[in-house]
Amino acid sequence: MAREPAILGGAPAFARPLHVGRPNVPDEERVLALVREAFGRRWLTSFGPLVKQFERDLARQAGVKHCIATCNASVALQVLIRASGLRGEVVLPSFTFVATAHTLLWEGVTPVFCDIDEATGNLDPEHARRLITPRTTAIVGVHLWGHPAPTEALAALAAEHDLTLLYDSAHAIGSSRLGRPVGSFGDAEVYSFHATKFVNSFEGGAVVTDDDGLAERVRSMHNYGRGEGEHVVSVGTNAKMNEIAAAMGLTSLAHMPDLIETNRVRYERYAAGLAGAPGLRLRAPAPENRVNHSYVVLEVDEAAAGLGRDAVVAALRAENVLARTHFHPGCHRTAPYADAQATHAPLPLPHTEALSERVVVLPTGTGIEPTDVDDVCAVLRDLVRRASAIRAALR
Ligand code: T4K
(Lines give C-alpha, C1' and ligand atoms only; values in the text may rest on other atoms or scores of the structure.)
Protein backbone atom coordinates (compact mmCIF):
# COMPACT_ATOMS: atom_id res chain seq x y z
CA MET A 1 0.00 0.00 0.00
CA ALA A 2 1.32 3.47 -0.87
CA ARG A 3 2.57 5.39 2.15
CA GLU A 4 0.80 8.54 3.25
CA PRO A 5 2.99 11.70 3.09
CA ALA A 6 3.91 12.90 6.59
CA ILE A 7 2.23 16.22 5.93
CA LEU A 8 -1.02 14.27 5.50
CA GLY A 9 -0.50 12.36 8.74
CA GLY A 10 1.82 9.51 7.67
CA ALA A 11 5.09 8.57 9.41
CA PRO A 12 8.11 10.56 8.19
CA ALA A 13 9.94 8.89 5.29
CA PHE A 14 13.27 9.30 7.14
CA ALA A 15 13.87 8.26 10.74
CA ARG A 16 16.82 10.68 11.02
CA PRO A 17 16.96 14.25 9.71
CA LEU A 18 18.70 14.80 6.36
CA HIS A 19 20.45 18.17 6.71
CA VAL A 20 21.63 20.61 4.09
CA GLY A 21 25.15 21.47 5.22
CA ARG A 22 25.93 18.27 7.16
CA PRO A 23 29.72 18.53 7.53
CA ASN A 24 31.98 16.20 5.57
CA VAL A 25 34.67 14.64 7.79
CA PRO A 26 36.70 12.62 5.31
CA ASP A 27 39.53 11.38 7.58
CA GLU A 28 38.95 11.95 11.28
CA GLU A 29 42.11 10.02 12.29
CA ARG A 30 44.32 12.22 10.10
CA VAL A 31 42.79 15.38 11.60
CA LEU A 32 43.39 14.07 15.12
CA ALA A 33 46.99 13.10 14.27
CA LEU A 34 47.67 16.62 12.96
CA VAL A 35 46.06 18.14 16.05
CA ARG A 36 48.23 15.95 18.28
CA GLU A 37 51.31 17.16 16.39
CA ALA A 38 50.22 20.74 17.03
CA PHE A 39 49.82 19.99 20.75
CA GLY A 40 53.27 18.39 20.72
CA ARG A 41 54.78 21.49 19.16
CA ARG A 42 52.88 23.75 21.56
CA TRP A 43 52.19 25.92 18.54
CA LEU A 44 48.47 26.42 18.27
CA THR A 45 47.93 29.58 16.24
CA SER A 46 49.77 32.60 14.75
CA PHE A 47 51.25 31.26 11.52
CA GLY A 48 51.96 27.70 12.63
CA PRO A 49 53.14 25.07 10.16
CA LEU A 50 49.65 23.69 9.48
CA VAL A 51 48.25 27.12 8.55
CA LYS A 52 51.28 27.76 6.34
CA GLN A 53 50.84 24.39 4.60
CA PHE A 54 47.10 25.04 4.14
CA GLU A 55 47.89 28.41 2.56
CA ARG A 56 50.45 26.84 0.18
CA ASP A 57 48.00 24.09 -0.84
CA LEU A 58 45.16 26.57 -1.41
CA ALA A 59 47.34 28.90 -3.51
CA ARG A 60 48.52 25.95 -5.61
CA GLN A 61 44.95 24.72 -6.06
CA ALA A 62 43.80 28.17 -7.28
CA GLY A 63 46.94 28.70 -9.36
CA VAL A 64 47.78 32.01 -7.66
CA LYS A 65 50.81 33.34 -5.79
CA HIS A 66 49.22 34.25 -2.46
CA CYS A 67 46.81 32.84 0.08
CA ILE A 68 46.02 34.24 3.52
CA ALA A 69 44.01 31.84 5.70
CA THR A 70 41.53 33.46 8.08
CA CYS A 71 39.19 32.61 10.95
CA ASN A 72 36.13 32.77 8.66
CA ALA A 73 35.07 34.20 5.29
CA SER A 74 33.10 37.13 6.70
CA VAL A 75 36.16 38.62 8.38
CA ALA A 76 38.27 37.74 5.32
CA LEU A 77 35.87 39.81 3.18
CA GLN A 78 36.03 42.70 5.66
CA VAL A 79 39.83 42.70 5.64
CA LEU A 80 39.90 42.43 1.85
CA ILE A 81 37.42 45.29 1.40
CA ARG A 82 39.59 47.50 3.60
CA ALA A 83 42.88 46.35 2.08
CA SER A 84 41.45 47.07 -1.40
CA GLY A 85 40.54 50.61 -0.32
CA LEU A 86 36.87 50.25 -1.26
CA ARG A 87 34.63 53.16 -0.40
CA GLY A 88 31.52 54.85 -1.82
CA GLU A 89 29.34 52.27 -3.59
CA VAL A 90 29.97 48.66 -4.51
CA VAL A 91 27.79 46.65 -6.89
CA LEU A 92 26.96 43.10 -5.80
CA PRO A 93 24.16 40.60 -6.36
CA SER A 94 21.24 40.70 -3.95
CA PHE A 95 20.86 36.94 -4.43
CA THR A 96 23.56 35.83 -1.99
CA PHE A 97 24.03 35.06 1.68
CA VAL A 98 23.63 38.26 3.67
CA ALA A 99 27.30 38.15 4.74
CA THR A 100 28.37 39.43 1.30
CA ALA A 101 26.38 42.64 1.85
CA HIS A 102 27.00 42.92 5.58
CA THR A 103 30.78 42.95 5.19
CA LEU A 104 30.53 45.95 2.85
CA LEU A 105 28.16 47.90 5.08
CA TRP A 106 30.30 46.99 8.12
CA GLU A 107 33.28 48.56 6.35
CA GLY A 108 31.30 51.74 5.64
CA VAL A 109 30.67 50.98 1.97
CA THR A 110 27.21 51.23 0.40
CA PRO A 111 26.06 47.94 -1.13
CA VAL A 112 24.21 48.52 -4.42
CA PHE A 113 22.15 45.47 -5.22
CA CYS A 114 22.21 44.13 -8.74
CA ASP A 115 19.85 41.66 -10.39
CA ILE A 116 20.81 38.20 -11.64
CA ASP A 117 20.56 36.14 -14.75
CA GLU A 118 17.85 33.66 -13.74
CA ALA A 119 19.44 30.92 -15.84
CA THR A 120 22.65 30.94 -13.79
CA GLY A 121 21.60 32.65 -10.54
CA ASN A 122 24.66 34.89 -10.93
CA LEU A 123 25.08 38.64 -11.27
CA ASP A 124 23.83 40.10 -14.57
CA PRO A 125 26.70 42.19 -16.01
CA GLU A 126 24.33 44.36 -18.07
CA HIS A 127 22.33 45.34 -15.01
CA ALA A 128 25.60 45.91 -13.12
CA ARG A 129 26.67 48.32 -15.85
CA ARG A 130 23.52 50.40 -15.32
CA LEU A 131 24.23 50.69 -11.57
CA ILE A 132 27.72 52.15 -11.93
CA THR A 133 27.95 55.77 -10.80
CA PRO A 134 30.90 58.11 -10.11
CA ARG A 135 30.81 56.81 -6.53
CA THR A 136 31.27 53.16 -7.53
CA THR A 137 34.65 51.69 -6.56
CA ALA A 138 34.16 47.96 -7.08
CA ILE A 139 32.08 45.00 -8.14
CA VAL A 140 31.80 42.00 -5.84
CA GLY A 141 30.70 38.91 -7.76
CA VAL A 142 29.46 35.74 -6.10
CA HIS A 143 29.87 32.24 -7.55
CA LEU A 144 26.43 31.24 -6.32
CA TRP A 145 26.01 27.62 -5.20
CA GLY A 146 29.51 26.97 -6.61
CA HIS A 147 28.54 27.95 -10.17
CA PRO A 148 31.15 30.41 -11.48
CA ALA A 149 29.93 33.94 -12.24
CA PRO A 150 30.34 35.46 -15.76
CA THR A 151 33.97 36.32 -15.07
CA GLU A 152 34.90 37.54 -18.58
CA ALA A 153 32.03 40.05 -18.79
CA LEU A 154 32.67 41.27 -15.23
CA ALA A 155 36.41 41.65 -15.89
CA ALA A 156 35.65 43.72 -19.01
CA LEU A 157 33.16 45.89 -17.12
CA ALA A 158 35.56 46.46 -14.21
CA ALA A 159 38.40 47.34 -16.60
CA GLU A 160 36.18 49.73 -18.59
CA HIS A 161 35.27 51.68 -15.42
CA ASP A 162 38.55 51.19 -13.56
CA LEU A 163 36.86 49.28 -10.75
CA THR A 164 38.23 46.71 -8.33
CA LEU A 165 36.75 43.26 -8.96
CA LEU A 166 36.45 40.86 -6.03
CA TYR A 167 34.67 37.53 -5.72
CA ASP A 168 32.87 36.03 -2.78
CA SER A 169 33.76 32.41 -3.54
CA ALA A 170 32.40 31.01 -0.29
CA HIS A 171 30.64 28.18 -2.16
CA ALA A 172 32.99 27.63 -5.03
CA ILE A 173 36.36 26.08 -4.24
CA GLY A 174 36.99 23.29 -6.74
CA SER A 175 34.76 24.80 -9.44
CA SER A 176 36.19 26.21 -12.67
CA ARG A 177 35.15 28.27 -15.68
CA LEU A 178 36.49 27.57 -19.16
CA GLY A 179 39.17 25.44 -17.50
CA ARG A 180 40.33 28.19 -15.12
CA PRO A 181 39.91 27.51 -11.39
CA VAL A 182 37.79 29.64 -9.11
CA GLY A 183 40.27 31.45 -6.88
CA SER A 184 42.15 32.92 -9.83
CA PHE A 185 39.59 35.53 -10.97
CA GLY A 186 39.37 39.27 -10.33
CA ASP A 187 41.74 41.12 -8.00
CA ALA A 188 41.12 38.58 -5.24
CA GLU A 189 38.65 35.91 -4.13
CA VAL A 190 37.48 34.73 -0.73
CA TYR A 191 36.69 31.12 0.25
CA SER A 192 34.66 29.98 3.23
CA PHE A 193 35.53 26.82 5.14
CA HIS A 194 32.58 26.96 7.55
CA ALA A 195 31.53 23.47 8.66
CA THR A 196 28.58 23.55 6.24
CA LYS A 197 30.91 24.03 3.25
CA PHE A 198 31.92 20.83 1.48
CA VAL A 199 35.61 21.57 2.25
CA ASN A 200 35.67 22.76 5.83
CA SER A 201 37.94 23.77 8.70
CA PHE A 202 35.15 23.98 11.36
CA GLU A 203 35.24 27.76 10.86
CA GLY A 204 37.61 29.34 8.39
CA GLY A 205 38.19 31.32 5.26
CA ALA A 206 40.95 32.46 2.93
CA VAL A 207 41.85 35.28 0.58
CA VAL A 208 43.54 34.17 -2.64
CA THR A 209 45.16 36.64 -5.02
CA ASP A 210 47.96 37.18 -7.51
CA ASP A 211 48.40 40.81 -6.47
CA ASP A 212 51.59 41.14 -4.37
CA GLY A 213 50.66 44.50 -2.80
CA LEU A 214 47.11 43.48 -1.98
CA ALA A 215 48.33 40.21 -0.45
CA GLU A 216 50.79 42.10 1.73
CA ARG A 217 48.08 44.48 2.97
CA VAL A 218 45.64 41.64 3.68
CA ARG A 219 48.34 39.68 5.50
CA SER A 220 49.22 42.69 7.60
CA MET A 221 45.63 43.77 8.34
CA HIS A 222 44.60 40.26 9.38
CA ASN A 223 47.41 40.42 11.99
CA TYR A 224 46.62 43.71 13.78
CA GLY A 225 48.10 45.78 10.94
CA ARG A 226 51.59 44.55 11.67
CA GLY A 227 54.35 44.27 9.10
CA GLU A 228 57.78 42.71 9.38
CA GLY A 229 59.08 42.36 12.92
CA GLU A 230 55.75 43.21 14.55
CA HIS A 231 56.10 46.81 13.44
CA VAL A 232 52.56 48.27 13.13
CA VAL A 233 52.00 49.81 9.72
CA SER A 234 48.20 50.27 9.56
CA VAL A 235 44.93 49.62 11.31
CA GLY A 236 44.22 45.93 11.55
CA THR A 237 42.24 43.21 13.23
CA ASN A 238 42.80 39.64 14.31
CA ALA A 239 41.52 37.41 11.50
CA LYS A 240 44.06 34.61 11.85
CA MET A 241 43.27 30.94 11.38
CA ASN A 242 44.39 28.58 14.14
CA GLU A 243 46.23 25.26 13.83
CA ILE A 244 43.25 23.09 14.77
CA ALA A 245 41.18 24.65 11.99
CA ALA A 246 44.09 24.20 9.58
CA ALA A 247 44.40 20.50 10.54
CA MET A 248 40.78 20.03 9.50
CA GLY A 249 41.14 22.27 6.43
CA LEU A 250 44.26 20.52 5.15
CA THR A 251 42.68 17.10 5.52
CA SER A 252 39.44 18.25 3.94
CA LEU A 253 41.26 19.88 1.01
CA ALA A 254 43.33 16.74 0.39
CA HIS A 255 40.03 14.88 -0.05
CA MET A 256 38.40 17.53 -2.25
CA PRO A 257 38.42 15.40 -5.44
CA ASP A 258 36.63 12.52 -3.62
CA LEU A 259 34.17 14.97 -2.07
CA ILE A 260 33.35 16.47 -5.47
CA GLU A 261 32.83 12.95 -6.81
CA THR A 262 30.54 12.16 -3.85
CA ASN A 263 28.54 15.31 -4.63
CA ARG A 264 28.46 14.57 -8.36
CA VAL A 265 27.14 11.04 -7.81
CA ARG A 266 24.31 12.39 -5.65
CA TYR A 267 23.56 15.20 -8.11
CA GLU A 268 23.30 12.70 -11.01
CA ARG A 269 21.08 10.48 -8.88
CA TYR A 270 18.75 13.41 -8.12
CA ALA A 271 18.72 14.34 -11.82
CA ALA A 272 17.75 10.78 -12.82
CA GLY A 273 15.24 10.42 -9.99
CA LEU A 274 13.42 13.65 -10.83
CA ALA A 275 13.59 13.44 -14.63
CA GLY A 276 10.13 14.15 -16.04
CA ALA A 277 8.55 15.00 -12.67
CA PRO A 278 6.05 17.76 -13.45
CA GLY A 279 7.15 21.19 -12.23
CA LEU A 280 10.36 19.96 -10.57
CA ARG A 281 13.63 20.80 -12.27
CA LEU A 282 17.15 20.36 -11.01
CA ARG A 283 19.40 23.33 -11.80
CA ALA A 284 22.33 22.25 -13.99
CA PRO A 285 25.75 23.85 -14.50
CA ALA A 286 26.30 26.04 -17.57
CA PRO A 287 28.36 24.19 -20.21
CA GLU A 288 31.37 26.50 -19.71
CA ASN A 289 31.45 25.77 -15.96
CA ARG A 290 32.61 22.74 -14.01
CA VAL A 291 31.09 22.82 -10.55
CA ASN A 292 31.72 21.17 -7.19
CA HIS A 293 28.03 20.18 -6.87
CA SER A 294 28.14 21.14 -3.20
CA TYR A 295 24.60 22.51 -3.46
CA VAL A 296 21.80 20.58 -5.17
CA VAL A 297 19.18 23.13 -6.14
CA LEU A 298 15.66 22.22 -7.19
CA GLU A 299 13.38 24.69 -8.93
CA VAL A 300 9.65 24.41 -8.35
CA ASP A 301 7.29 25.64 -11.05
CA GLU A 302 4.05 26.05 -9.10
CA ALA A 303 1.77 25.99 -12.14
CA ALA A 304 3.17 22.66 -13.37
CA ALA A 305 3.80 21.03 -9.97
CA GLY A 306 0.47 22.03 -8.46
CA LEU A 307 2.43 23.04 -5.34
CA GLY A 308 4.42 26.16 -4.56
CA ARG A 309 8.00 26.11 -3.31
CA ASP A 310 7.01 26.78 0.31
CA ALA A 311 4.54 23.90 0.28
CA VAL A 312 7.23 21.59 -1.09
CA VAL A 313 9.65 22.69 1.64
CA ALA A 314 7.01 22.24 4.37
CA ALA A 315 6.14 18.77 3.07
CA LEU A 316 9.82 17.76 2.81
CA ARG A 317 10.55 18.97 6.32
CA ALA A 318 7.64 16.88 7.62
CA GLU A 319 9.45 13.89 6.07
CA ASN A 320 12.67 14.86 7.93
CA VAL A 321 14.27 16.22 4.75
CA LEU A 322 15.48 19.57 6.09
CA ALA A 323 15.55 21.43 2.78
CA ARG A 324 16.54 25.13 2.75
CA THR A 325 15.49 28.14 0.68
CA HIS A 326 18.91 29.78 0.15
CA PHE A 327 18.74 32.76 -0.49
CA HIS A 328 15.17 33.86 -0.08
CA PRO A 329 14.11 36.69 -0.26
CA GLY A 330 17.33 38.37 -1.49
CA CYS A 331 19.38 40.85 0.55
CA HIS A 332 17.51 43.87 -0.82
CA ARG A 333 14.34 42.62 0.89
CA THR A 334 16.13 41.78 4.17
CA ALA A 335 16.86 44.04 7.15
CA PRO A 336 18.67 46.42 7.17
CA TYR A 337 18.74 46.74 3.38
CA ALA A 338 14.99 46.68 2.90
CA ASP A 339 15.00 50.10 4.56
CA ALA A 340 15.25 52.49 1.63
CA GLN A 341 16.94 55.05 3.89
CA ALA A 342 19.85 52.77 4.60
CA THR A 343 21.06 51.83 1.14
CA HIS A 344 20.13 51.60 -2.50
CA ALA A 345 17.50 48.98 -1.70
CA PRO A 346 14.32 50.22 -3.33
CA LEU A 347 15.31 49.10 -6.81
CA PRO A 348 13.07 46.28 -7.98
CA LEU A 349 15.09 43.19 -8.82
CA PRO A 350 12.53 41.06 -10.69
CA HIS A 351 14.81 38.12 -11.54
CA THR A 352 16.15 37.87 -7.98
CA GLU A 353 12.63 38.03 -6.61
CA ALA A 354 11.31 35.42 -9.06
CA LEU A 355 14.13 32.90 -8.60
CA SER A 356 14.22 33.28 -4.82
CA GLU A 357 10.55 32.20 -4.75
CA ARG A 358 11.24 29.00 -6.72
CA VAL A 359 14.35 27.37 -5.27
CA VAL A 360 14.83 24.58 -2.77
CA VAL A 361 18.29 23.41 -1.65
CA LEU A 362 18.34 19.63 -1.07
CA PRO A 363 20.67 17.57 1.16
CA THR A 364 23.82 16.13 -0.41
CA GLY A 365 27.42 15.20 0.47
CA THR A 366 28.70 12.40 2.69
CA GLY A 367 25.86 13.00 5.17
CA ILE A 368 23.46 11.08 2.93
CA GLU A 369 23.60 7.83 0.98
CA PRO A 370 22.79 7.55 -2.73
CA THR A 371 19.77 5.44 -1.75
CA ASP A 372 18.57 8.37 0.40
CA VAL A 373 18.57 10.45 -2.77
CA ASP A 374 16.33 7.88 -4.45
CA ASP A 375 13.97 8.05 -1.49
CA VAL A 376 13.92 11.88 -1.49
CA CYS A 377 13.07 11.78 -5.21
CA ALA A 378 10.27 9.27 -4.56
CA VAL A 379 8.91 11.56 -1.82
CA LEU A 380 9.02 14.56 -4.17
CA ARG A 381 7.26 12.69 -6.97
CA ASP A 382 4.59 11.55 -4.54
CA LEU A 383 4.09 15.11 -3.24
CA VAL A 384 3.47 16.38 -6.75
CA ARG A 385 1.06 13.49 -7.43
CA ARG A 386 -0.93 14.41 -4.34
CA ALA A 387 -0.64 18.16 -4.84
CA SER A 388 -4.33 18.97 -4.40
CA ALA A 389 -4.66 17.05 -1.10
CA ILE A 390 -1.48 18.69 0.23
CA ARG A 391 -2.68 22.13 -0.80
CA ALA A 392 -5.90 21.52 1.08
CA ALA A 393 -4.01 20.30 4.18
CA LEU A 394 -1.83 23.42 4.19
CA ARG A 395 -4.75 25.82 3.81
N1 T4K B 1 29.37 34.48 1.46
C2 T4K B 1 28.49 33.52 1.15
C3 T4K B 1 27.93 33.47 -0.22
C4 T4K B 1 28.12 32.58 2.11
O5 T4K B 1 27.23 31.63 1.82
C6 T4K B 1 28.69 32.66 3.40
C7 T4K B 1 28.29 31.74 4.45
C8 T4K B 1 29.63 33.69 3.66
C9 T4K B 1 29.94 34.58 2.66
C10 T4K B 1 30.28 33.83 5.00
O11 T4K B 1 31.08 32.72 5.30
P12 T4K B 1 31.55 32.41 6.83
O13 T4K B 1 31.82 33.72 7.51
O14 T4K B 1 30.42 31.62 7.49
O15 T4K B 1 32.81 31.58 6.66
C16 T4K B 1 25.32 28.92 7.22
C17 T4K B 1 26.78 29.12 7.50
O18 T4K B 1 27.05 29.60 8.80
C19 T4K B 1 27.43 30.05 6.54
O20 T4K B 1 28.81 29.72 6.50
C21 T4K B 1 26.87 29.91 5.14
N22 T4K B 1 27.44 30.85 4.23
C23 T4K B 1 25.36 30.08 5.15
C24 T4K B 1 24.78 29.92 3.77
O25 T4K B 1 24.82 29.06 5.95
P26 T4K B 1 23.39 28.80 8.95
O27 T4K B 1 23.26 29.64 10.14
O28 T4K B 1 22.22 28.53 8.12
O29 T4K B 1 24.11 27.40 9.21
P30 T4K B 1 24.14 26.50 10.49
O31 T4K B 1 25.47 26.64 11.10
O32 T4K B 1 22.94 26.73 11.30
O33 T4K B 1 24.03 25.06 9.83
C34 T4K B 1 23.00 24.70 8.90
C35 T4K B 1 22.64 23.25 9.07
O36 T4K B 1 23.78 22.45 8.80
C37 T4K B 1 22.22 22.86 10.46
O38 T4K B 1 20.86 23.09 10.63
C39 T4K B 1 22.57 21.41 10.54
C40 T4K B 1 23.78 21.31 9.68
N41 T4K B 1 25.02 21.33 10.49
C42 T4K B 1 25.67 22.53 10.73
C43 T4K B 1 26.80 22.54 11.48
C44 T4K B 1 27.53 23.84 11.75
C45 T4K B 1 25.47 20.17 11.03
O46 T4K B 1 24.86 19.10 10.83
N47 T4K B 1 26.61 20.17 11.77
C48 T4K B 1 27.31 21.33 12.02
O49 T4K B 1 28.38 21.29 12.68
O50 T4K B 1 24.52 29.59 8.11
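The values are calculated or read from the model by the stated rules, or taken from the named source; none is laboratory data. Because the structure is predicted, anything quoted here is derived from the model rather than measured. We place every Cβ from the backbone using ideal geometry, glycine too, and count neighbours over all the protein chains shown. Surface areas here come from the heavy atoms of the whole protein model, side chains and all, with no ligands, DNA or RNA. Shrake-Rupley method; radii C 1.70, N 1.55, O 1.52, S 1.80 Å.
For segment 1-98, the percent of C-alpha pairs falling in each 5 Å distance bin, counted from 0 to the bin holding the largest distance, reads 2, 8, 9, 13, 15, 12, 10, 8, 7, 6, 6, 2, 0. Each residue was assigned an accessible area with a 1.4 Å probe, and for residue 29 the value is about 120 Å².
Most simply put, the chain has about 60% antiparallel DSSP beta bridges, counting only bridges with both residues inside it.
Sorted largest first, the spans of the alpha carbon positions of the chain along the three principal axes are 74, 54, 36 Å. At an R0 of 51 angstrom, the distance between the Cβ atoms of residue 135 and residue 261 translates into a FRET efficiency of 0.65.
Between residue 36 and residue 275, the simple spin-label model (points 7 angstrom out along Cα→Cβ) gives 4.8 nm.
The calculated P(r) of segment 61-138, using every Cα pair and 10 Å bins from 0, goes 18, 42, 34, 5 in percent. On the principal axes of its alpha-carbon atoms, segment 245-381 has extents of 47, 44, 34 Å, going from largest to smallest. Its DSSP H runs of at least 4 residues, each contributing -39,500 (n - 2.57), put the calculated 222 nm mean residue ellipticity of the chain at -11500 deg cm²/dmol, to the nearest 500. Relative to the compact-globule estimate of 2.2 N^0.38 Å, the Cα radius of gyration of segment 186-328 comes out at 1.43. Taking 0.36 nm per residue of sequence separation and removing the Cα-Cα distance, the residue 303/residue 354 pair yields an extension gain of 17.0 nm. Restricted to Cα atoms, segment 84-179 shows a radius of gyration and a Dmax of 12.3, 36 angstrom. With the simple spin-label model, which puts each label point 7 Å out from Cα in the Cβ direction, the residue 16 to residue 288 separation comes to 4.2 nm.
Values of log10 I(q)/I(0) for segment 169-231 across q = 0.18, 0.21, 0.28, 0.29 Å⁻¹ run -0.74, -0.89, -1.10, -1.13, by the Debye formula with one identical scatterer at each alpha carbon and no solvent.
Screening the chain for DSSP H helices whose Cα atoms reach 18 Å or more along their own axis and whose mean Kyte hydropathy is at least 0.0 gives 370-385. Take the Cβ-Cβ distance between residue 237 and residue 119 as r, set R0 to 45 Å, and report the resulting FRET efficiency rounded to the nearest 0.05. With a Förster radius of 45 Å, E is 0.70.
Rolling a 1.4 Å probe across the protein heavy atoms gives segment 28-254 an accessible surface of 39 Å² per residue.
The value for segment 28-254 of Rg(Cα) / (2.2 N^0.38 Å) is 0.99.
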